[in-house]
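J.: First the structure, which I've put down as structure tokens, then a few questions once you've had a look.
The values are calculated or read from the model by the stated rules, or taken from the named source; none is laboratory data. In this text, all values refer to a predicted model and were calculated from it rather than measured experimentally. Counting neighbours? That spans all protein chains shown, and the Cβs are built from the backbone with ideal geometry, glycine included.
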Amino acid sequence: MPESDAAPKSSPTSVDTSLPEGAVLHADNLIAGYLPGVNILNGASLHCHDGELVGIIGPNGAGKSTLLKSMFGLVNVHEGTVTLKGEDITNARADKLVASGIGYVPQTNNVFPSLSVGENLEMGVYLAPKTFPERFDYVAGIFPRLAERKDQRAGSLSGGERQMVAMGRALMMEPSVLLLDEPSAGLSPALQDEVFLQTKHINAAGVSVVMVEQNARRCLQICDRGYVLDQGKDAYTASGEKLMNDPKVIELYLGTLAKA
């Protein structure tokens, strides 16, 4: 993956937005926002190779979650394109995206609290209900605790267990790409570490992952490549290790996040 060894870019305008060879997901020069005429993204670009784990970090308000939501059709893209395996999926409906192979885990309200763990996972295969037994066994192999809690109401679970349910539900349709929006938010340090380990396990099982995170240090430790967003643009991109140790990136964009 040639981009992994590239030096951090010196400015947002220097980021290469051409379709990289082997990219499974590609967001190209996105301009997007929640309200007409008010853009949060101002030319953000991102790509993820097959089997890659990509992290998105940066200051609050930089557009990290908006970028993720734009790729999943939850925020209207005014300009630019999103492609999955070469197919244009810009502003596509969520059901089409799920069927195409994208899973999405929102930061909050990501489980049905009144339903059991098993019922939550069944919701993940509403487009293909007959696959539930096979997919449940797969997800339980990654998250054994979900099999133990199958009949327990999701609202009674701990924060870390609810995150497992949300991630497991997104995996039920066998996505090729999983989008995670701050999966460690609100969790204790020990549970945060567990979530990062689970993310690595998911990636090791063959699922490409794009993850937005405020815990910059841990995110950069586990990702193959990282993006630093600033004012709705990708300001720097390089391997996680290079970004984590780049003095300019730390000084300008990470600050105390690098020590979180």
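J.: For region 55-136, give me every one of the helices (runs of 4 or more DSSP H) that falls completely inside it and has 3 or more residues that are in contact with a Lys or Arg (Cβ under 8 Å, 6 or more places away or on another chain).
T.: Result: 117-123.
J.: Among the residues of region 203-221, how many are farther than 19 Å from residue 175 by Cβ and hydrophobic (A, V, I, L, M, F, W, C)?
T.: Number of matching residues: 3.
J.: Does residue 61 satisfy the criteria of being in contact (Cβ under 8 Å) with a residue 24 or more places away in the chain and not hydrophobic (A, V, I, L, M, F, W, C)?
T.: no
J.: Go through (1) surrounded by fewer than 22 Cβ atoms within 10 Å (Cβ to Cβ); (2) within 22 Å of residue 49 (Cβ to Cβ); (3) among the aliphatic types (A, V, I, L, M); (4) out of contact with any helix residue (DSSP H, G or I) (no Cβ under 8 Å at 6 or more places or on another chain) and name the single condition residue 190 misses.
T.: (2)
J.: Let me ask something else about it. Are there any pairs, at least 6 apart or on different chains, whose C-beta atoms fall under 9 Å, with the first in region 182-197 and over 17 Å from residue 216 (Cβ atoms) and the second surrounded by fewer than 20 Cβ atoms within 10 Å (Cβ to Cβ) and of a type in the set (A, V, I, L, M, F, W, C), and if so, which?
T.: Short answer, once both residue conditions are applied: 194/187; 197/222.
J.: From the set of residues in region 97-137 that are more than 18 Å from residue 68 (Cβ to Cβ) and within 18 Å of the chain's Cα centre (by Cα), which is surrounded by the fewest Cβ atoms within 10 Å (Cβ to Cβ)?
T.: If we take residues in region 97-137 being more than 18 Å from residue 68 (Cβ to Cβ) and within 18 Å of the chain's Cα centre (by Cα), then 99 is surrounded by the fewest Cβ atoms within 10 Å (Cβ to Cβ).
J.: Exactly one of these conditions fails for residue 94: (1) of a type outside the set (Lys, Arg); (2) touching a residue at least 40 places away in the same chain (Cβ under 8 Å); (3) in contact with a Leu (Cβ under 9 Å, 6 or more places away or on another chain); (4) surrounded by fewer than 16 Cβ atoms within 10 Å (Cβ to Cβ). Give me its number.
T.: Unmet for residue 94, out of (1) of a type outside the set (Lys, Arg); (2) touching a residue at least 40 places away in the same chain (Cβ under 8 Å); (3) in contact with a Leu (Cβ under 9 Å, 6 or more places away or on another chain); (4) surrounded by fewer than 16 Cβ atoms within 10 Å (Cβ to Cβ): (2).
J.: Taking residue 51 as the residue in question, decide whether it is surrounded by fewer than 21 Cβ atoms within 10 Å (Cβ to Cβ) and either at positive phi or at pLDDT 95 or above (or both).
T.: Yes.
J.: Please go through (1) over 15 Å from the mean Cα position of the chain (by Cα); (2) crowded, with 17+ Cβ neighbours inside 10 Å; (3) among the acidic types (Asp, Glu) for residue 181 and return the number of the only condition it doesn't satisfy.
T.: Residue 181 satisfies all of (1) over 15 Å from the mean Cα position of the chain (by Cα); (2) crowded, with 17+ Cβ neighbours inside 10 Å; (3) among the acidic types (Asp, Glu) except (1).
J.: Among 248, 150, which is surrounded by fewer than 20 Cβ atoms within 10 Å (Cβ to Cβ), more than 30 Å from residue 100 (Cβ to Cβ) and charged (D, E, K, R)?
T.: 248
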